[in-house]
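Here is the structure we will look at.
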Amino acid sequence: MADEAALAAKARDAIRAGRLPAKAANRTFGGPGNGTNCAVCGKPVTRSQMELESEFNRHGTMPGLDRYHLHTKCFAAWETERKRTGDE
């Protein structure tokens, strides 16, 4: 896994590119990874790693639920960056 500065840069890029929201999640769950790629670093979150899954309610013409899977360190980087650039 990349160092903190590199993860922060990747989190900022994901927010700017719209791959991750800049607002707080509606719900966040933790547990073992399921192999899904991390929304920050792009690497799989393996079963031997802890995963945080953040959920966002989507309203409007296409209501639903958006889910993002992140390594714990990637989640921390995203939280820090979204608080700097986004909505609380």
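Tabulated values for the structure
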{"read-out": "For GLU51, residues with placed amide H under 5 Å, excluding near neighbours", "value": "GLY31, GLY33"}
{"read-out": "Rg in Å to one decimal, and Dmax rounded to a whole Å, for the chain via C-alpha atoms", "value": "12.5, 40"}
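No lab work stands behind these numbers, since they all come straight from the coordinates. Model, not experiment: these values are computed from the prediction.
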